[in-house]
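Participant: Please find one structure pasted underneath; my questions will follow.
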Amino acid sequence: MLKKVYGSAVFGVEAHTITIEVNVDKGIGYHLVGLPDNAIKESNFRIAAALQNNGYKIPGKKLIINMSPADMRKEGSAYDLPLAMGILTASNQITEDHIERYIIMGELSLDGTVQSIKGALPIAIKALEEGFEGFILPKENAKEAAIVSGLKVYGVEHISEVIDYFHNNKPLEQTIVDTRAEFQKNLEHPEFDFSDVKGQESIKRCMEIAASGGHNIILIGPPGAGKTMLAKRLPSILPPMTLHEALETTKIHSVVGRVGAQKGLIAQRPFRSPHHTISNVALVGGGSYPQPGEISLSHNGVLFLDELPEFKREVLEVMRQPLEDREVTISRAKFTVTYPSSFMLVASMNPSPSGYFNDPNSPMMSSATEMQRYLGKISGPLLDRIDIHIEVTPVPFEKLSDERKGESSVDIRKRVTKARELQTKRFEDSEVVHYNAQMNTKQIRKYCKLDDTSMQLLKTAMERLNLSARAYDRILKVSRTIADLEGALSIESTHISEAIQYRSLDREGWLG
């Protein structure tokens, strides 16, 4: 007897429906075909134990199981449950008449408990697209899949619940999530708040500008100056994610199994902080079974690279293209996968190997040669893509001991959101440019026109501070953002003079 059960395979960040055909015939043997990996090949042992421990068995006949399309590689243990249900229905151990209307996924323990899976959200989206009535999956992933309205989602903890549903018509509890309510609930409560930061007003201002224009930023300062503390709070002042961005972000995190059982929808912008020993594949994604890397996991959020010169140079170089294109394409002989990666880059570094270059109060001093060698680890093309460089100085004791709270992230975010709205309106005709940091040369010339006073100021600054040519466009972009924060239509000399301060690494004595 032949039976069909439906599962799903996640490839990149998209799901593909898999038809599991189970045929019971005369003879003996268990044949699983359709490019399964080792985890799927081993499933017959888990299935046999789970069925036996619940009063069922794998029949002593010839079983041929085909996972179609047969030329697509299947991976992971999430096919245990659909395979088990296919075997039970094909061998007439249970009767049912509507199993083909459902996508079924889940890993089985030996006692029949259903374990969590990866990629529940993209699978649910595909199931709805293809007209399936419902999705049966582990209870841990039910909230995540229930984000998709219009699809019945049933979270189960044990295989017996699925058997009872199909064989005895015992109803399953449907998981229902109010996506908009879930989304709104998490918006106004950032985990890290700028009100916790003592002093550092100029750096907070700098962070506000970076968030307003989507500018990449690098913080330079000695250990303990507060670089990491400031970076962690940047997502809390970025504009709230739209529902579309939240779904996009949850989808990527779902593929790698990073959505918590209680979370459902990720409404906070992601903040990723990989260690400096990270490999290129872990950063950009890929591998023999392609997975999103850190830059895709920080999509719509912040990627923080602490101690930038400690990262391997080739690892930093692979980031150059994703920073420009806002997506990563992994190409192999047999497939191509594209992951979105639109993120804000925040980097921090000590100014020298000892961390205290140019600090007269420090007991440790590095020579200018040592410092140049240290900073030389960061390539010019990568620095080209960082708009704002700012020096962070340690906070004096008087400010550290001050009991007064600083301005909250929610208040700063209101100004940032207002500035972003101006930019959205400005670039409404463009499909690729949404905020100032993404402007190309043509748009810079159009939207960053200077009057004679501002032009003279910029010329003098570039000559006197020995700023490089790469700094010119960056200063114009940042000054446009400063003007937007003030609601000014045109760029004024005050905006230019503030933007010039944010090019520390272009000055002579740093990398010049």
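The values are calculated or read from the model by the stated rules, or taken from the named source; none is laboratory data. Not measured: the values here are computed from a predicted model. FYI the Cβ positions are ideal-geometry reconstructions off the backbone, even for glycines, and counts take in every protein chain you see. When the accessible area is computed, the model is the full protein with side chains, heavy atoms only, and any ligands, DNA or RNA have been set aside. Shrake-Rupley method; radii C 1.70, N 1.55, O 1.52, S 1.80 Å.
Participant: Could you grab the relative contact order for the stretch 204-303? Cα pairs under 8 Å, six or more apart, rounded to a whole percent. Before the final figure, lay out each step's value.
Facilitator: On the way: 94 pairs, mean separation 24.7, N = 100.
Value for the stretch 204-303: 25 percent.
Participant: Starting from the Cα of residue 61, draw a straight line to each of the aspartates and glutamates and keep only those under 13 Å, dropping any in the same chain fewer than 8 residues away.
Facilitator: Filter leaves 25.
Participant: So what is the relative contact order of the chain, in percent, for Cα pairs below 8 Å that sit 6 or more residues apart?
Facilitator: Values: 989 pairs, mean separation 66.3, N = 512.
Across the chain, relative contact order equals 13 percent.
Participant: Let me ask something else. If we sort 482-489, 440-447 on the protection proxy, mean other Cβ atoms within 10 Å, highest first, what's the order? Write out the running numbers ahead of the final one.
Facilitator: Values: 482-489: 17.0, 440-447: 12.9.
The packing order, highest mean first, is 482-489, 440-447.
Participant: Please work out the FRET efficiency for the pair residue 196 and residue 372, using the Cβ-Cβ distance as r and a Förster radius of 25 Å; give the result to the nearest 0.05. Present the calculation step by step, with values, prior to reporting the outcome.
Facilitator: On the way: r = 36 Å, r/R0 = 1.43.
It comes to 0.10.
Participant: How long are the semi-axes of the ellipsoid equivalent to the chain, from square roots of 5 times the Cα gyration tensor eigenvalues, in whole Å, largest first? Show your work: numbers first, answer last.
Facilitator: Values: eigenvalues 575, 106, 87 Å².
The three semi-axes for the chain are 54, 23, 21 Å.
Participant: Near residue 405, which lysines are there with a Cα under 23 Å away, not counting those fewer than 8 places off in the same chain?
Facilitator: Answer for residue 405, where 23 Å is the Cα cut-off: 198, 204, 227, 232, 414, listed by chain and number.
Participant: Rank 172, 303 by accessible area, highest first, at a 1.4 Å probe radius? Intermediate results must be reported in sequence, preceding the final value.
Facilitator: On the way: 172 30, 303 0 Å².
Greatest to least solvent exposure: 172, 303.
Participant: To continue, here is another question. Report in % the part of the accessible area of the stretch 368-433 that belongs to carbon and sulfur, leaving out ligands and nucleic acids; probe 1.4 Å. It would help to have the intermediate numbers written out before the result.
Facilitator: Numbers: 2130 of 4040 Å².
Carbon and sulfur together cover 53 percent of it.
Participant: I'd like the FRET efficiency for residue 334 and residue 441, computed as 1/(1 + (r/R0)^6) with the beta carbon distance as r and R0 of 56 Å, rounded to 0.05.
Facilitator: Values: r = 39 Å, r/R0 = 0.69.
That gives a FRET efficiency of 0.90.
Participant: Considering the options 149, 378, 278, tell which one lies farthest towards the positive end of the dipole of the chain, charges being +1 on Lys and Arg and -1 on Asp and Glu at the Cβ, about the Cα centre.
Facilitator: Working it through, the farthest residue towards the positive pole turns out to be 378.
Participant: A further question on this structure: Could you compute how much accessible surface residue 395 exposes when probed at 1.4 Å, giving the result in Å² to the nearest 10?
Facilitator: Surface open to solvent at residue 395 totals about 40 Å².
Participant: What 222 nm value per residue comes from the helices of the chain, counting each DSSP H run with n ≥ 4 as -39,500 (n - 2.57) and dividing by all residues, nearest 500 deg cm²/dmol?
Facilitator: Calculated mean residue ellipticity at 222 nm is -10500 deg cm²/dmol.
Participant: If ligands, DNA and RNA are left out, what is the accessible area of residue 418 with a 1.4 Å probe, given in Å² to the nearest 10?
Facilitator: Residue 418 has an accessible surface of roughly 140 Å² with all protein chains in place.
Participant: Oh, and also: Mind grabbing the accessible area of residue 114 for me, 1.4 Å probe, Å², rounded to tens?
Facilitator: 10
Participant: Something else about it: For the chain, what is the accessible area per residue in Å², given a 1.4 Å probe and the full set of protein chains?
Facilitator: Working: 23050 Å² over 512 residues.
Value returned for the chain: 45 Å² of accessible area per residue.
Participant: Using a/c under 1.5 as the rounded threshold, could you call the stretch 189-268 rounded, prolate or oblate? The axes a ≥ b ≥ c are square roots of the C-alpha gyration tensor eigenvalues, and prolate needs a/b larger than b/c, oblate otherwise.
Facilitator: prolate
Participant: Please list 402, 71 from largest to smallest accessible area, probe radius 1.4 Å, with all protein chains kept in place. Could the numbers behind the result be given before it?
Facilitator: Details: 402 50, 71 125 Å².
Result of the area sort, largest leading: 71, 402.
Participant: Oh, and also: For a paramagnetic label modelled at 7 Å from the Cα of residue 133 toward its Cβ, which residues of the stretch 142-157 fall within the zone defined by backbone nitrogen distances under 18 Å?
Facilitator: Flagged as within label range: 150-156.
Participant: In whole Hz, what ³J(HN,Hα) sequence does the stretch 114-120 give by Karplus (6.51, -1.76, 1.60; θ = phi - 60°), x for Gly and Pro?
Facilitator: 9, 9, 5, 10, 9, x, 4
Participant: Also, quick follow-up: Pull out the extension gain between residue 243 and residue 113, defined as 0.36 nm times the separation in residues minus the alpha carbon to alpha carbon distance; nm, one decimal. Walk me through the numbers before you get to the answer.
Facilitator: Details: separation 130, 0.36 × 130 = 46.80 nm, distance 3.37 nm.
Length gained, residue 243 through residue 113: 43.4 nm.
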